[in-house]
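Input: a single structure, listed below in structure tokens.
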Amino acid sequence: MPDTQSAARRRRWPIFVPFGLLVVFAGLWTGAWFFAVGKAEQALAGWRAREAKSGRVYACGSESISGFPFRIEVRCGTPSVELRGMGAPLLLKGADLVVLAQVYQPTHLISEFKSPLTIAEAGQPPAYVANWTLGQSSVRGTPRAPQRGAMVFDNLDVQQPGGGKVSFGAKRLELHGRMVSGAVNDNPVIELGVRTTAATAPEVHAVMTAPIDLELSAIVRGLADFAPKPWSARLRELQARGGKLEIANGRLQQGETIAVGSGTLGLTESGNLEGQLQLTVVGIEHVLKQLDLEAIASQGRVGSAIDKLDRLLPGLGNIARKNVAPGIMVGLDAIGKRTTLEGKPALSVPLRFVDGRIMLGPLPVGRAPSLF
């Protein structure tokens with residue numbers, strides 16, 4: 001009888017092996033999840049500390065962690081960021097933020113944020129309100145060794161509170177960045193990318209009221225390091241080291257107008273842009289019309305001469321202004337080159353930045369703001 005019972009037990013024990021293995025696996029997986037949570041929390045704390053040193057202070061109204069067993073989900077209620085180091089501090093307040101990471105890849109952080117987002121000077125009522133249907137970001141690497149990052153918005157709309165004027169809008173906005181060579185503390189070379197679909201910015205210039213599609217890729221060279229610091233300090237350092245922004249490829253389209261270009265830009269000691277881009281433009285006549293040739297013609301010596309004509313004989317100046325446009329096109333033809341772009345007639349001309357002044361060939365078309 002005892003032999004029979006022993007034999008029965010020997011026959012039953014294999015039944016419990018899978019269950020025992022499952023318990024062991026569940027324990028190991030739970031331990032791995034909490035270990036990954038710790039790693040993700042360290043990464044998030046590191047990114048926050050790094051951003052704070054750069055003048056961007058992040059905070060959450062409430063915070064929780066979930067996602068067991070396959071992912072890590074950190075939820076930040078009423079997130080905010082204070083931007084310092086560029087004039088008066090700006091305060092950005094959002095609705096909700098969720099940061100996700102897979103258990104097996106805790107240093108790849110994917111964020112999803114909900115609108116609206118208010119933008120205001122610290123202690124002041126909101127000056128702008130931003131809304132979107134999808135907002136996401138992705139960061140790979142660690143705070144000490146960042147690899148790449150990206151941010152995407154769909155149906156972005158930035159306007160004044162209460163349904164005021166739209167300051168910026170885009171069907172889609174994408175921002176990308178990655179480290180090409182070097183290291184965080186040893187002459188890093190950074191690649192940047194921007195892509196917009198149907199973007200408008202009427203407050204910048206009337207020419208940007210119509211939707212614009214833009215694709216731009218560039219390389220930043222000359223950084224000493226990628227250590228946390230305010231943008232103004234980083235740009236001053238870049239200028240002192242003779243750093244450059246090399247635009248490898250840029251394409252802009254607005255209606256029938258198409259422009260592609262490449263070139264190199266630097267900074268002067270006063271923080272103004274300096275350099276040149278070679279542009280090839282389809283429909284440059286339309287661009288010049290949008291830039292208001294009469295206003296451009298009224299500047300400098302041309303404008304002074306036209307004013308004198310008006311004083312000699314009222315109305316004569318207007319006749320002169322109307323004939324400035326053909327003269328400008330003749331001048332651009334003289335320094336430019338007629339060619340084709342995407343099968344359409346185009347003109348290739350230099351776009352120069354001279355201590356912040358923007359020149360299309362010899363023609364002044366505006367001024368870029370100082371960067372520090």
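What to note about this one:
- Residue match in region 284-307 (condition: at pLDDT 50 or above, closer than 21 Å to LEU223 by Cβ and not in a helix (DSSP H, G or I)): no
- Total residues in region 151-170, condition surrounded by fewer than 16 Cβ atoms within 10 Å (Cβ to Cβ) and more than 14 Å from ALA199 (Cβ to Cβ): 6
- Consider region 57-93 and keep the residues that are in a loop (DSSP other than H, G, I, E, B) and without any contact (Cβ under 8 Å) to a residue 24 or more places away in the chain. The one that is nearest to SER115 (Cα to Cα) is THR78.
- Residue check, GLU203 acidic (Asp, Glu), in contact with a strand residue (DSSP E or B) (Cβ under 6 Å, 6 or more places away or on another chain) and assigned to a strand (DSSP E or B): no
- Residue within region 180-201 that is out of contact with any His (no Cβ under 8 Å at 6 or more places or on another chain), within 27 Å of ALA88 (Cα to Cα) and among the hydroxyl-bearing types (Ser, Thr, Tyr) present: yes
- Breaking point among (1) over 18 Å from ALA248 (Cβ atoms); (2) crowded, with 17+ Cβ neighbours inside 10 Å; (3) touching a helix residue (DSSP H, G or I) at 6+ places or on another chain (Cβ under 7 Å), for PRO202: (2)
- Note on region 147-184: among residues that are more than 17 Å from the chain's Cα centre (by Cα) and not in a loop (DSSP other than H, G, I, E, B), the one that is nearest to VAL98 (Cα to Cα) is GLN159.
- All of (1) touching a strand residue (DSSP E or B) at 6+ places or on another chain (Cβ under 7 Å); (2) polar (S, T, N, Q); (3) surrounded by fewer than 18 Cβ atoms within 10 Å (Cβ to Cβ) hold for GLN124 with one exception: (1).
- Whether a residue is assigned to a strand (DSSP E or B) and at pLDDT 85 or above was assessed, and GLY135 passes this test.
- Scope region 43-60; condition touching a Gly at 6+ places or on another chain (Cβ under 7 Å) and either at pLDDT 80 or above or exposed (fewer than 15 other Cβ atoms within 10 Å of the Cβ) (or both); matching residues: CYS60
- Among the conditions (1) modelled with pLDDT under 95; (2) farther than 30 Å from GLY46 by Cβ; (3) assigned to a strand (DSSP E or B), the only one that LEU265 does not satisfy is (1).
- The residue list GLU112, GLU121, GLU63 contains one member that is over 24 Å from HIS176 (Cβ atoms), in contact with a Leu (Cβ under 8 Å, 6 or more places away or on another chain) and either at pLDDT below 85 or not aliphatic (A, V, I, L, M) (or both), which is GLU121.
- A single entry from ILE219, ILE247, ILE190, ILE212 fulfils the requirement of being in contact with an Asp or Glu (Cβ under 6 Å, 6 or more places away or on another chain) and among the aliphatic types (A, V, I, L, M): ILE219.
- The single residue among THR142, THR197 that is touching a Ser or Thr at 6+ places or on another chain (Cβ under 8 Å) and β-branched (Val, Ile, Thr) turns out to be THR142.
- Given (1) free of Cβ contacts under 8 Å to residues at least 40 places away in the same chain; (2) more than 21 Å from MET179 (Cβ to Cβ); (3) out of contact with any strand residue (DSSP E or B) (no Cβ under 9 Å at 6 or more places or on another chain), index of the condition MET208 fails: (3)
- Any pair with Cβ under 8 angstrom, 6 or more apart, that starts in region 187-202 at a residue that is without any contact (Cβ under 8 Å) to a residue 40 or more places away in the chain and ends at one that is buried (at least 17 other Cβ atoms within 10 Å of the Cβ) and not in a strand (DSSP E or B): ASN187/LEU223; PRO188/LEU223; PRO188/PHE226; VAL189/LEU223; ILE190/LEU223; ILE190/PHE226
- Verdict on ALA130 being in contact with a His (Cβ under 9 Å, 6 or more places away or on another chain) and either buried (at least 19 other Cβ atoms within 10 Å of the Cβ) or in a loop (DSSP other than H, G, I, E, B) (or both): no
The values are calculated or read from the model by the stated rules, or taken from the named source; none is laboratory data. Here the structure is a predicted model, which means the values were calculated and not measured. All Cβ positions, even for glycine, are placed from backbone atoms using ideal geometry, and neighbour counts span all protein chains on display.
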